[in-house]
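Inspection log for the structure reproduced underneath, given as structure tokens.
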2 protein chains.
Amino acid sequence: MSHTAETTQVRAPGVRQAQKLRTRRALLDAALALLEEQSLSSLGLREVTRAAGVTPAAFYRHFRDTADLGVALVDEALGSLHTTIRTALAATVRDGTGPEDGGGGEDGGDERIDAAVELIDALVREYPAHVRFIAREQHGGVTAVRAAISGQLALFGAEVADTLAAVPEAAGWSRADLLMLAGLYVDHMVMTASALLAAGPEGGTRAEVARVARRRMRLISLGRRHWLD
Amino acid sequence: MSHTAETTQVRAPGVRQAQKLRTRRALLDAALALLEEQSLSSLGLREVTRAAGVTPAAFYRHFRDTADLGVALVDEALGSLHTTIRTALAATVRDGTGPEDGGGGEDGGDERIDAAVELIDALVREYPAHVRFIAREQHGGVTAVRAAISGQLALFGAEVADTLAAVPEAAGWSRADLLMLAGLYVDHMVMTASALLAAGPEGGTRAEVARVARRRMRLISLGRRHWLD
DNA sequence: GGAGTCGGAGAACGGTTGTTTACTCGGTGG
DNA sequence: CCACCGAGTAAACAACCGTTCTCCGACTCC
């Protein structure tokens, strides 16, 4: 992962700062684990340090309070998922079945949707704690964290709108409408991720959730296709 | 204070139970007020009793713990909004512009959508604390409350699906697809309510949020209209 | 009208919280 | 090589937490 050069490490390596980042990592991981069964506003400072194996006072070397830690968690969670989500959305966006040559071309759109939902599913499986944290604190009790999340999601929305604008089907769409559709996609993605998380790793309910998510996306894409009528 | 029964106050009322319900009311109201700036899992028992003007020990006469109180709040919030939401959804459902006689009939659908969003807006203005509570605890840290909310919302969804099935445009729709669409409506309603709440009572941003919500609904209705193609 | 019920008050308990202080001690830079 | 810096420790602080106990007094039922 990190670039800890062993031999000719020079300049700015810092064994010092490396250790600092390690405990910071421990604090973030411990907090994320604890947040699977409670929300941020009830997360105790001592609770985190205890789980991380450090002293309560050490916490202040990294964060002002638990809310500050929460904001850091938002950046980490949505930052790491940034490229992944971008890929997913780019795939979803192009569902217009391309030029309407002949019929039966609709499978292309459905395949894109299937791939997108599958990607969300894989994402939830790989980073369940991050997804849970975002879904929970999106409307949570800590103002700063809420603001951070909505800011990041708005960023995603704008990015999706840009991607949407690039495809030929978007001809004639206003910027406002593109943002509207992009926001709908993003919100639906968060909702789907949360639903998948709540369904658990079992096959039965989870498969049904994915099925419904696909149909919802298909309906939205259908509406998108006929928007300019 | 109050003397006994005034004249022919009889049978089952009970001055006793009336007072009990009064303090229960005080506890619920105090909790709801406190929950505007934090989440349920961080809500303290003593905090609630202090705000309600009663002793901590009195709390146990009404609820086992704060999670139990949260479930009661869910029933109250979604129970009271039940009829209102039902009305709103019944209005939204019929957006198919009726029989497709000639063109230009689409305004009917848009008017329904406008009315529905307006109703949500009014609902948020009248019960902001309830709406905030539901939106926040829907993915919150208390399992029992989460289950209660999702159960109530699933009930709403089924009800909306029934209403949808009654309109002529639903011919040929499977029950699963009706539930899918109903869930999409319900989720979108909660999202819109939360967004309106976050926008605050000011005219500028709030009006924009309502505008986007209307467009989203219009797009969904469009997809619904072309679902069976 | 008297016995009984019960919602609420009051006080006490052990435990945990966030925060601050003084201190250690190993990596860092001149 | 040595002085310094700073991440982390240990201890102490008052405040608050959830829970339990005993007790009071007003309502209820017969």
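The values are calculated or read from the model by the stated rules, or taken from the named source; none is laboratory data. Since this is a predicted model, take the numbers as computed values, not measurements. Using ideal geometry, Cβ is built from the backbone for each residue, glycine included, and neighbour counts are taken over all protein chains shown.
Quick notes on this structure:
- Some residue of segment B:99-106 being modelled with pLDDT under 95 and in a helix (DSSP H, G or I): yes
- Among residues of segment B:12-39 being under 25 Å from the mean Cα position of the chain (by Cα) and within 10 Å of DNA strand C (Cβ to nearest atom), the one that is surrounded by the most Cβ atoms within 10 Å (Cβ to Cβ) is B:L27.
- Pairs where the first residue, in segment B:23-35, is assigned by TED's automatic domain parsing to the domain that holds B:R46 and more than 12 Å from B:T66 (Cβ to Cβ) and the second is of a type in the set (A, V, I, L, M) and assigned to a helix (DSSP H, G or I), C-beta under 8 Å, 6+ apart: B:T23/B:A52; B:T23/B:A58; B:A26/B:A52; B:D29/B:A52; B:L32/B:L73; B:L32/B:A129; B:A33/B:A51; B:A33/B:A129
- Residue ID - modelled with the lowest pLDDT, chosen from residues in segment B:124-162 that are of a type in the set (A, V, I, L, M) and out of contact with any Leu (no Cβ under 9 Å at 6 or more places or on another chain): B:A154
- Residues that are charged (D, E, K, R) and in a helix (DSSP H, G or I) within segment B:184-229 comprise B:D187, B:R206, B:E208, B:R211, B:R214, B:R215, B:R216, B:R218, B:R224, B:R225, listed in sequence order.
- Whichever residue in segment B:163-185 is surrounded by 21 or more Cβ atoms within 10 Å (Cβ to Cβ) and touching a Leu at 6+ places or on another chain (Cβ under 8 Å) and, among such residues, is farthest from A:T143 (Cα to Cα): B:L164
- Unique match (being more than 8 Å from chain B (Cβ to nearest Cβ), buried (at least 20 other Cβ atoms within 10 Å of the Cβ) and without any contact (Cβ under 8 Å) to a residue 60 or more places away in the chain) among A:A154, A:A147, A:A199, A:A195: A:A195
- Taken over segment B:1-37, residues that are away from DNA strand D (no atom under 11 Å from the Cβ) and either assigned to a loop (DSSP other than H, G, I, E, B) or at pLDDT below 95 (or both) amount to 6.
- Residues satisfying the stated conditions in segment B:40-65, i.e. away from DNA strand C (no atom under 11 Å from the Cβ) and either away from chain A (no Cβ under 14 Å) or in contact (Cβ under 8 Å) with a residue 40 or more places away in the chain (or both): B:L40, B:S41, B:V48, B:A51, B:R64
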